[in-house]
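Below: one structure, written as structure tokens.
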Amino acid sequence: MIDQAIIEFDRALRTVFAPAQSVRPVPGDDLPDAAMSDSDRRHAAALMRVNHCGEICAQALYQGQALMSQDAAVRDELRQASREETEHLAWTERRIAELGGRKSLLNPLWYGGSLAIGLVAGTLGDRWNLGFLAETERQVEAHLTRHLDGLPDADRKSREIVAQMRTDEARHAEIATGLGGLPLPAPVRGAMRLASRIMTLTAYRV
Ligand SMILES: [Fe+2]
Ligand SMILES: [Fe+2]
């Protein structure tokens, strides 16, 4: 128990403070860095900061849910999806740096909050746990579609990253549903949308 706690705590510290690694090549890596106005660049960096923050939350949610899940197959799927989330983390982190931006200062807070939510979702049993995951991924997918509209046209490098993330999130949602995830009640979906709205508005600035 203590060993497991140390491993999980180490995972949390690395997520928030250490640079993430990617196995897959970074999407759009072969594209040239396009000329952009200062305001476009700042806007793109802020959007990518929001996305990075979302990936920090994803790490914590998956960690919490994997910890609580009773089913080894579900735990495996959660760990596998969370490895892809780690890549998203690496891609967005790198893109923020290329754009001259910085990561959200509130990341430790978002991580802690999301871990708590993941642990609670995990206690409800695997079918609700997976339903929560599927709904989260679907909301992230919709959010990334909005970001594809909002990113400057010239910023093809960021667009490639966001597009690949969107593809991955859609697959994560399908996996969770396929494993038996239940559809969440509308008020819960609404509350989740509200929480992510608060996070995105805050992370755009801080
Ligand atoms: Fe992701
Ligand atoms: Fe995902």
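The values are calculated or read from the model by the stated rules, or taken from the named source; none is laboratory data. No experiment lies behind these values; they were computed from the predicted model shown. All Cβ positions, glycine included, derive from the backbone under ideal geometry; neighbour counts span all protein chains shown. Heavy atoms of the whole protein, side chains included, go into the accessibility calculation; ligands, DNA and RNA do not. Shrake-Rupley method; radii C 1.70, N 1.55, O 1.52, S 1.80 Å.
Phi angles of region 155-167 translate, via the Karplus equation with coefficients 6.51, -1.76, 1.60 and θ = phi - 60°, into HN-Hα couplings of 7, 5, 4, 5, 4, 4, 4, 5, 5, 5, 4, 4, 4 Hz per residue; Gly and Pro are given as x. Amide H contacts for Gly101 (H built 1.01 Å from N in the peptide plane; partners 5 or more residues away or on another chain; cut-off under 5 Å): none found.
Note on surface exposure: Glu98, Glu160, Glu84 rank Glu160, Glu98, Glu84 by accessible area, highest first, 1.4 Å probe. Taking every C-alpha pair closer than 8 Å and separated by at least 6 residues, the mean separation divided by the residue count of the chain gives a relative contact order of 30 percent.
For region 103-206, the gyration tensor built on C-alpha atoms gives an oblate shape. Its axis ratio a/c (a ≥ b ≥ c) is at least 1.5, and a/b is not larger than b/c. In the chain, helical runs assigned H by DSSP with n ≥ 4 each contribute -39500 (n - 2.57); averaged across all residues and rounded to the nearest 500, the mean residue ellipticity at 222 nm is -27000 deg cm²/dmol.
Solvent-accessible area assigned to carbon and sulfur over the chain amounts to 61 percent, based on a 1.4 Å probe. Annotation: extensible slack from Leu124 through Gln80 equals 13.7 nm (criterion: 0.36 nm per residue apart, minus Cα-Cα distance). Considering only alpha-carbon pairs that sit under 8 angstrom and 6 or more positions apart, the relative contact order computed for region 32-93 is 42 percent. In terms of accessible area, using a 1.4 Å probe and ignoring ligands and nucleic acids, Asp33, Asp76, Asp155 rank largest first as Asp76, Asp33, Asp155. Simple spin-label estimate for Thr167 and Ser37 gives 3.2 nm between the two label positions (7 Å along the Cα-to-Cβ direction from each Cα). On a per residue basis, region 60-206 carries 47 Å² of accessible surface, using protein heavy atoms and a 1.4 Å probe.
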